[in-house]
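Read the structure below first, then the notes.
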Amino acid sequence: MKYIFDLRSIPSSLLEKCGGKASSLSLMMQNLKMNIPSGYVITADAFRGGRITDEANAELGAVIAKLDRLKTYAVRSSAIGEDGAGNSFAGQYETLTDLMVPGIRDAVNTVAASAENARVENYRLQNDIASEGIGVVIQEFVKADFAGVIFTSDVMTGRDDYIIGNYVHGEGEKLVSGTENAEVFKIGALEYSYEGGAELEPFAKTLRKYSLAIRFFYGVPMDIEWCVKGRRVYILQARPITTLTRLYTRNYDVNGTRSGSKFLTKTNVGEIFMKPVSPMTFSVLEKINEFLGLPDWLDNICGQAYMNVSVMCSLMVSFGRSREKAYETVKDLVGGIPEGCEIPVSPFDKMAFRKNLLHLLFPKEKSKLTKKQKHEMVANLHIISEELIGRIKTIGSNAELMEFWDEVLQPKLNDGLASILAESGTSLVPLFSLRKKISEIAGEDMANRLLGGSLGIIECMKPTLLLEDVASGKMTREDYIRECGHRSADEMELMAPRPYEDPSFIDALLKDRAANAASLRAMQERQKTSYEEALAEFKEKYPSRRKWIDKEIGKFIRANAFREDIRSKGVRIFCVFRQYCLKAGELNGIGEDIFMLGYKEMFALLKGDKTAVSYIPARKETFAGYLSYPGFPGVIIGRFDPDKWMADPARRYDYYVSGRPSGTDSTADVKGFAGAAGIVTGKVRVINDVSRIGELNEGEILVTRATNIGWTVAFHKVSAIVTDIGAPLSHAAIVAREFGIPAVVGCSNATTVLKTGDVVTVDGEKGTVTIVSRAG
């Protein structure tokens, strides 16, 4: 058995056995171009009771014989779990530096034995950490002119627009031990700048380059040890900043605001995920972030999903846009900013994004389907999904299920994504730009009339419109289930049952529909007529723009249809993956607890690694706590502590800005985005969970946090819609426009200011909700 490896060539399968420090050094050596002192690691398997084993000691002798006796070396700990995201163990183990070659063997045993000292044991007890073994690093020692530490983010606030550090003259141990006062410096991360001692300034640009490269490589805020010798900068160690850890894997403790200063919003994403997401769904969302090359774009606080606006703006700023223009680009998608705030922007690895984009556009493993086959696959995706679900149900072993993923599902998934993208041929830009273009030519009223009723029947409208066809006998129950049975309020949560799993779901919908005479299909036809009249009026007033308006609205219709169609097809893919998860849970005797694992952990379980199963009880406890929280604020800027927010009697639900006093929301009326034109006065019904939708009476004004496709089956009852979360491109706004239902979206505070029974006037064109009278 081999126990000692060159840091530059540790096999990936053995990284864990080498401990945190050695693993980090090895990964940087193999992937980044920077000066890192060479050396070796002795794996944790080489030690017993704080001493190196005879077999490993013999191998150590061979390594020592190869060392340069004109150089000196450092011997440091590399314990399993050390220098990780959860615990650094900084200063707990022995470190011996500037050693001549003859002293290395004794130093190795001294460092290994320090794993049993009282200091380390107390640290483990305080942090509830089990002893998992210690590796030892032997590394060339650099006799530094300067040495110090850099933090790629502020350790308290998470802001990362500056790299903050300190240094001492000579060896870095002086800084750790506190025997010499440190000099402080700051380096601009977004644009180069330097504040600090003149003696360090010649090395500041290299320190910035190395620090950002390490930050981008690991994808988390980093604590980096470095030194300067002569004219060269060396990296000695890099570990995550433990106070800025976004996710603690073992118990599913996730809070995206811990890892940086961000602008997070629930607009759009809060409509999709109305409840905390399970660990399985969270792991898939993380994969989507990785797939798109947008770190933490779909972010999370205690299971509640948020969209990270900061990472979108950081991407655009990295390519030269100003913060203001970057926000204007995405404003319709993400909603508004609290007064007096700006969007935090971070350094962004645009080179990695470019590479990722090229990989998406020109993948190495291209689909082998012809254009015709891709078209057929998209058209028959519902049939393919049903067939795959049926096959999964018959699988009888872990090996067979894993093989099915490798040989069938993974290739099908790749073909499916390639087919959907090939079919689209559609840009989503018109979603964001057309309203503004029409308004500049013909005013807001004309823009509202032209963009409402123009879409026809899109996917998110089908569950309610086709229900009328079932009621009238034009469509069979079976066809309705096949067409719409995969759509629901929690359709993107893998843990949530699908309507088609219980075919009787349609009975309650038909019963409710029979009790209400309003026809959404008739409403949609009236809205279509209004659109056609507006289009004719526009062409008459602006004859030179006739071809232009037809072309632009055509692009707008295609963009909306594609957005909704890809969502529906994505849900079908989720249905297949849900069935795969259920089968994995069944085969391994954990049932629906499978959703307490991530997808990689599930695959590991299928291959025989049950490590993650031991995490399930802690994750279930954490997840149960997440379900007990109310919905967090629609907009969050900076670090957010859910428990402190809950304890604040003056807490707000519209927004939270770190460092800003809460203050009560004394607003008498409610204002948001113009969602769908029209003015209605009526009684309010506040409903925050789709399971209570049956409480809604015909003609009432629905006030809720957000709506999604699961709510549309009740839209035939409402006279207007008001939401806390949303923007002009959100679900409520799009569907309301097509049905001619006045809507005001993204109000932030509607569900807290308004009460069931209040009488209000909703003006969907101005985006206002005015209280006429309060409930008795």
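The values are calculated or read from the model by the stated rules, or taken from the named source; none is laboratory data. The shown structure was predicted, so the numbers you read here are calculated from the model rather than taken from an experiment. Because the Cβ atoms are built from the backbone with ideal geometry, glycine has one as well, and the counts that use them run over all protein chains shown. For the accessible areas, the whole protein counts, side chains as well, though only heavy atoms, and no ligand, DNA or RNA atoms are used. Shrake-Rupley method; radii C 1.70, N 1.55, O 1.52, S 1.80 Å.
Against the definition (open to solvent by 50 Å² or more (accessible area, probe 1.4 Å) and at pLDDT 80 or above), how does K371 come out, yes or no? Spell out the reasoning first.
On the way: open to solvent by 50 Å² or more (accessible area, probe 1.4 Å): yes; at pLDDT 80 or above: yes.
Judged against the criteria, K371 is a match.
Only one of these is in a loop (DSSP other than H, G, I, E, B), free of Cβ contacts under 8 Å to residues at least 24 places away in the same chain, within 25 Å of L754 (Cα to Cα) and open to solvent by 60 Å² or more (accessible area, probe 1.4 Å): P630, P661. Name it.
Values: P630 fails: open to solvent by 60 Å² or more (accessible area, probe 1.4 Å).
Going through P630, P661 in turn, the sole match is P661.
Restricting the stretch 639-658 to residues that are farther than 19 Å from C747 by Cα and among the basic types (K, R), which is least open to solvent (accessible area, probe 1.4 Å)? Even if it seems obvious, please write down each step before you answer.
Just the residues of the stretch 639-658 that are farther than 19 Å from C747 by Cα, to begin with: 639-649, 658.
Subsequent filtering for residues that are among the basic types (K, R) retains 639, 644.
Working: R639: 73, K644: 149 Å².
Once the filter is applied, the top-ranked residue is R639.
Has the stretch 499-516 got any residue that is among the charged types (D, E, K, R), within 21 Å of I458 (Cα to Cα), over 37 Å from the mean Cα position of the chain (by Cα) and not in a loop (DSSP other than H, G, I, E, B)?
Residues of the stretch 499-516 that are among the charged types (D, E, K, R), as a first pass: 501-502, 507, 511-513.
Those left that are additionally within 21 Å of I458 (Cα to Cα): 513.
Checking the rest, the ones that are also over 37 Å from the mean Cα position of the chain (by Cα) come to 513.
Now restrict to residues that are not in a loop (DSSP other than H, G, I, E, B): 513.
Yes.
Of the conditions (1) surrounded by fewer than 24 Cβ atoms within 10 Å (Cβ to Cβ); (2) modelled with pLDDT under 95, G303 satisfies every one except a single condition; which number is it?
Here G303 meets the rest and fails (2).
Restricting to the stretch 358-368, and then to whatever is within 30 Å of F217 (Cβ to Cβ) and open to solvent by 80 Å² or more (accessible area, probe 1.4 Å), can you tell me which residue is modelled with the highest pLDDT? Step through it out loud before you land on a result.
Within the stretch 358-368, the subset within 30 Å of F217 (Cβ to Cβ) is 358-366.
Then keep just the ones that are open to solvent by 80 Å² or more (accessible area, probe 1.4 Å); that gives 358-359, 361-362, 364-366.
Numbers: L358: 84, H359: 80, L361: 72, F362: 75, K364: 69, E365: 70, K366: 71.
The residue in question is L358.
Just for strands (runs of 3 or more DSSP E) wholly inside the stretch 181-270: which have at least 1 residues that are open to solvent by less than 40 Å² (accessible area, probe 1.4 Å), under 30 Å from S78 (Cα atoms) and in contact with a helix residue (DSSP H, G or I) (Cβ under 8 Å, 6 or more places away or on another chain)? Quick ask: steps written out before the conclusion?
On the way: elements: 183-188, 222-229, 232-240, 263-265.
Hits in the stretch 181-270: 183-188, 222-229, 232-240.
I'd like the full set of residues that are modelled with pLDDT under 95 and either of a type in the set (V, I, T) or touching a helix residue (DSSP H, G or I) at 6+ places or on another chain (Cβ under 6 Å) (or both), limited to the stretch 271-283.
Across the stretch 271-283, the qualifying residues are E271, I272.
Assuming S78 fulfils every condition listed in (1) assigned to a helix (DSSP H, G or I); (2) polar (S, T, N, Q); (3) closer than 17 Å to I235 by Cβ apart from one, which condition is it?
In the conditions (1) assigned to a helix (DSSP H, G or I); (2) polar (S, T, N, Q); (3) closer than 17 Å to I235 by Cβ, S78 misses (1) alone.
Is the stretch 76-93 home to any residue that is closer than 29 Å to I241 by Cβ, at pLDDT 95 or above and open to solvent by less than 20 Å² (accessible area, probe 1.4 Å)?
The initial filter retains those residues of the stretch 76-93 that are closer than 29 Å to I241 by Cβ, namely 76-93.
Next cut, at pLDDT 95 or above only: none.
Scanning the stretch 76-93, I find no residue that is closer than 29 Å to I241 by Cβ, at pLDDT 95 or above and open to solvent by less than 20 Å² (accessible area, probe 1.4 Å), so the answer is no.
Does D98 fit the bill of being at pLDDT 60 or above, of a type outside the set (S, T, Y) and closer than 30 Å to S193 by Cβ? Even if it seems obvious, please write down each step before you answer.
Working: at pLDDT 60 or above: yes; of a type outside the set (S, T, Y): yes; closer than 30 Å to S193 by Cβ: no.
For D98, the condition - at pLDDT 60 or above, of a type outside the set (S, T, Y) and closer than 30 Å to S193 by Cβ - is not met.
Kindly list, by first and then second residue, each pair from a residue in the stretch 546-571 that is more than 21 Å from L285 (Cβ to Cβ) to a residue that is open to solvent by 40 Å² or more (accessible area, probe 1.4 Å) and not in a helix (DSSP H, G or I), limited to pairs with Cβ atoms under 6 Å and residues at least 6 apart or on different chains.
Qualifying pairs under 6 Å: A559/L428.
Determine whether the stretch 349-357 contains at least one residue that is at pLDDT 85 or above, under 21 Å from M307 (Cα atoms), assigned to a loop (DSSP other than H, G, I, E, B) and not hydrophobic (A, V, I, L, M, F, W, C).
Yes, because at least one residue in the stretch 349-357 is at pLDDT 85 or above, under 21 Å from M307 (Cα atoms), assigned to a loop (DSSP other than H, G, I, E, B) and not hydrophobic (A, V, I, L, M, F, W, C).
If you scan the stretch 25-49, which residues turn out to be in contact with a strand residue (DSSP E or B) (Cβ under 7 Å, 6 or more places away or on another chain), at pLDDT below 95 and of a type in the set (G, A, S)?
A44, A46
Is one or more of the residues making up the stretch 278-291 assigned to a helix (DSSP H, G or I), more than 13 Å from the chain's Cα centre (by Cα) and among the aromatic types (F, W, Y)?
No, the stretch 278-291 contains no residue that is assigned to a helix (DSSP H, G or I), more than 13 Å from the chain's Cα centre (by Cα) and among the aromatic types (F, W, Y).
Test R354 against the criterion of being under 27 Å from F673 (Cβ atoms) and surrounded by fewer than 17 Cβ atoms within 10 Å (Cβ to Cβ), and give yes or no.
Details: under 27 Å from F673 (Cβ atoms): no; surrounded by fewer than 17 Cβ atoms within 10 Å (Cβ to Cβ): yes.
It is false that R354 is under 27 Å from F673 (Cβ atoms) and surrounded by fewer than 17 Cβ atoms within 10 Å (Cβ to Cβ).
Taking K462 as meeting all but one of (1) of a type outside the set (G, A, S); (2) at pLDDT below 85; (3) part of a helix (DSSP H, G or I), write down the number of the exception.
The number of the failed condition is (2).
Out of curiosity, is Y531 of a type in the set (F, W, Y), out of contact with any strand residue (DSSP E or B) (no Cβ under 6 Å at 6 or more places or on another chain) and modelled with pLDDT under 95? Lay out the reasoning, then the answer.
On the way: of a type in the set (F, W, Y): yes; out of contact with any strand residue (DSSP E or B) (no Cβ under 6 Å at 6 or more places or on another chain): yes; modelled with pLDDT under 95: yes.
In short, yes.
Just for the stretch 664-684: of the residues that are of a type in the set (V, I, T) and in contact with a strand residue (DSSP E or B) (Cβ under 6 Å, 6 or more places away or on another chain), which one is modelled with the lowest pLDDT?
The extreme case among them is V670.
Which pairs do you get when a residue that is within 30 Å of K275 (Cβ to Cβ), found in the stretch 469-491, comes within reach of a residue that is open to solvent by less than 20 Å² (accessible area, probe 1.4 Å) and aromatic (F, W, Y), reach meaning Cβ atoms under 8 angstrom, with the pair 6+ apart or on two chains?
V470/Y480; A489/W711
Against the condition at pLDDT below 95 and closer than 29 Å to V277 by Cβ, how does P661 come out, does it pass?
Numbers: at pLDDT below 95: yes; closer than 29 Å to V277 by Cβ: no.
No.
Which pairs turn up if I take residues in the stretch 53-72 that are part of a helix (DSSP H, G or I) and look for partners that are open to solvent by 40 Å² or more (accessible area, probe 1.4 Å) with beta carbon separation below 7 Å, at least 6 apart in sequence or on another chain?
Partner pairs satisfying both residue conditions: L60/R105; V63/Y40; I64/R105.
Within the stretch 292-342, track down each residue that is of a type in the set (G, A, S), within 11 Å of the chain's Cα centre (by Cα) and part of a helix (DSSP H, G or I).
none
Spot the failing condition for R651; the list is (1) free of Cβ contacts under 8 Å to residues at least 24 places away in the same chain; (2) assigned to a strand (DSSP E or B), and only one is missed.
Of (1) free of Cβ contacts under 8 Å to residues at least 24 places away in the same chain; (2) assigned to a strand (DSSP E or B), only one is false for R651: (2).
Looking at (1) open to solvent by 30 Å² or more (accessible area, probe 1.4 Å); (2) hydrophobic (A, V, I, L, M, F, W, C); (3) modelled with pLDDT of 95 or more, which is the only condition A584 fails?
In the conditions (1) open to solvent by 30 Å² or more (accessible area, probe 1.4 Å); (2) hydrophobic (A, V, I, L, M, F, W, C); (3) modelled with pLDDT of 95 or more, A584 misses (1) alone.
What is the one condition in (1) of a type outside the set (A, V, I, L, M); (2) open to solvent by 30 Å² or more (accessible area, probe 1.4 Å); (3) in a helix (DSSP H, G or I); (4) at pLDDT 95 or above that R572 does not satisfy?
With respect to (1) of a type outside the set (A, V, I, L, M); (2) open to solvent by 30 Å² or more (accessible area, probe 1.4 Å); (3) in a helix (DSSP H, G or I); (4) at pLDDT 95 or above, R572 is out only on (4).
The rows are residues; the columns are (1) outside any helix (DSSP H, G or I); (2) buried (at least 19 other Cβ atoms within 10 Å of the Cβ); (3) in contact with a helix residue (DSSP H, G or I) (Cβ under 6 Å, 6 or more places away or on another chain).
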position	(1), (2), (3)
E386	no, no, no
I392	no, yes, yes
E407	no, no, no
G416	no, yes, no
A489	yes, yes, yes
